[in-house]
Amino acid sequence: MKIAIYPGTFDPVTNGHLDILERAVKLFDKVIISVARNSTKNTIFTEDERIALLKIVSKKYKKVQVESFSGLLVEYARRKKATAIVRGLRVISDFEYEFQMALANRRLHEDVETVFLMPNEKYTYLSSSIVREVARLNGNVRDFVPPVIQRALKKKWKQQGR
Ligand code: COA
């Protein structure tokens, strides 16, 4: 059984993330989307909200499981018996950071490979912060995220009085 971890902050999950997930599902027997709990990022969605939203948008994939993790990613991968970490590569500027992280992870745990997948080119400009910013300023994020995320963003900004 080939298990892969797809880690990230997912604040919120975008169509670009889902494009990567769809590709990963074709390659592995099981894909665990895992929300990084000790991310240094200031998130607008809580960990539970991000997990709940990820569960909704990935429920059509039988092979996908959604969880969160804290501590070192490679240790978590080891506990889950995963042999791969999936990361998306959108543009050249992603490369340096991803390359460093992949090599550091390999040094920490030889048996887990980082697998880079490229999203459809129409998503290369997309990031969670762009989605958050457009939504905050009342722009239309229809092309960027699934409808359930659109609604969640609207509700979130309303709660925050923007
Ligand atoms: N579509 C849209 N956006 C994408 C994307 C895609 N296919 N792929 C990446 N992104 C965006 C994300 O939305 C995010 O955008 P933002 O910064 O505007 O919010 C950005 O690219 C990268 O974020 P993400 O994919 O969430 O990764 P991250 O860099 O926040 O998370 C971890 C990195 C959590 C995997 C990493 O920090 C980690 O492993 N932490 C655990 C601790 C550890 O082991 N550290 C040692 C590592 S060597």
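Quick note: the coordinates plus some simple rules give every number you see, no bench work behind them. If you're wondering where the values come from, they're calculated on a predicted model, not measured in any experiment. Cβ: placed from backbone, ideal geometry, glycine included. Neighbour counts: every protein chain shown.
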Tabulate in residue order the Karplus-calculated ³J(HN,Hα) for segment 109-114, using 6.51 cos²θ - 1.76 cosθ + 1.60 with θ = phi - 60°, rounded to whole Hz; enter x for Gly and Pro. 8, 4, 8, 10, 8, 8
Using the Cα centre as the reference, give the magnitude of the dipole from point charges on the C-beta atoms of the chain (Lys, Arg: +1; Asp, Glu: -1; all else neutral), rounded to the nearest 20 debye. 700
Name the residue from Thr40, Gln150, Val66 whose Cα lies farthest towards the positive end of the charge dipole of segment 5-162, charges +1 on Cβ of Lys and Arg and -1 on Cβ of Asp and Glu. Gln150
Please list, short to long, the whole-number percent of alpha-carbon pairs of segment 11-138 in consecutive 5 angstrom bins beginning at zero. 2, 9, 18, 22, 25, 16, 5, 1, 0, 0
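What trypsin sites (Lys or Arg not before Pro) does segment 48-129 have in DSSP loop regions with at most 14 other beta carbons within 10 Å?
Lys59, Lys60, Lys62, Lys81
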Pairs of lysines 8 or more apart, or on different chains, with alpha carbons under 23 Å: count those in segment 21-99, would you? 25
Give the angle, between 0 and 90 degrees and rounded to the nearest 10, that separates the Cα long axis of helix 147-159 from the longest principal axis of the Cα atoms of the chain. 60
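Could you list Asp48, Asp94 so that the one with the fewest beta carbons within 10 Å of its beta carbon is first and the one with the most is last?
Asp48, Asp94
Can you tell me the equivalent ellipsoid semi-axes for segment 1-73? Use √(5λ) from the Cα gyration tensor, largest first, whole Å.
In descending order, the three semi-axes are 20, 14, 10 Å.
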Residues with amide H under 5 Å of Val145's amide H, sequence separation 5 or more or different chain, H placed in the peptide plane at 1.01 Å from N; which? Asn15
